[in-house]
Amino acid sequence: MSVMDKRKFEVIQRRQALLAEISGQREHLGELATRWQPALRRADQAVAAVNFLRVHPVLVVGLVGLLVVRRNGLPGLVQGVWRIVKAYRYVSNLSIKMTSRL
């Protein structure tokens with residue numbers, strides 16, 4: 001066996017060992033991703049909520065005002081928030097329709 005053949009054989013063996021190691025690491029990473037997926041999904045939702053509130057500060061002021069004014073406890077708060085969300089969507093959709101007609 002020549003020196004080149006021996007070197008080529010060593011490179012092929014090393015490549016196979018690395019591919020086996022990569023496969024094991026890929027499986028381990030898949031298991032970790034599956035385990036962390038629910039927590040990461042919740043974190044993504046929290047970031048999206050914070051971004052939404054940052055873009056819509058009037059909504060935050062409305063919620064704070066609702067907390068101060070309302071004294072009906074949690075059910076009254078939920079009902080008030082739901083009304084604000086519905087009103088916001090209605091006004092938002094209405095403004096989109098009105099601007100498209102112009």
Inset, instruction - Look through region 27-86, keep the residues that are outside any helix (DSSP H, G or I) and at pLDDT below 75, and return whichever of them is surrounded by the most Cβ atoms within 10 Å (Cβ to Cβ). - result: Arg70
Legend entry - Pair list, Cβ < 9 Å and 6+ apart or interchain, from region 22-43 residues that are free of Cβ contacts under 8 Å to residues at least 40 places away in the same chain to residues that are in a helix (DSSP H, G or I) and small (Gly, Ala, Ser): Leu40/Ala33
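The values are calculated or read from the model by the stated rules, or taken from the named source; none is laboratory data. On a predicted model such as this, the values are computed, not experimentally measured, just so you know. When we count neighbours, we look across all protein chains shown, and the Cβ atoms used for this are built from the backbone with ideal geometry, even at glycine.
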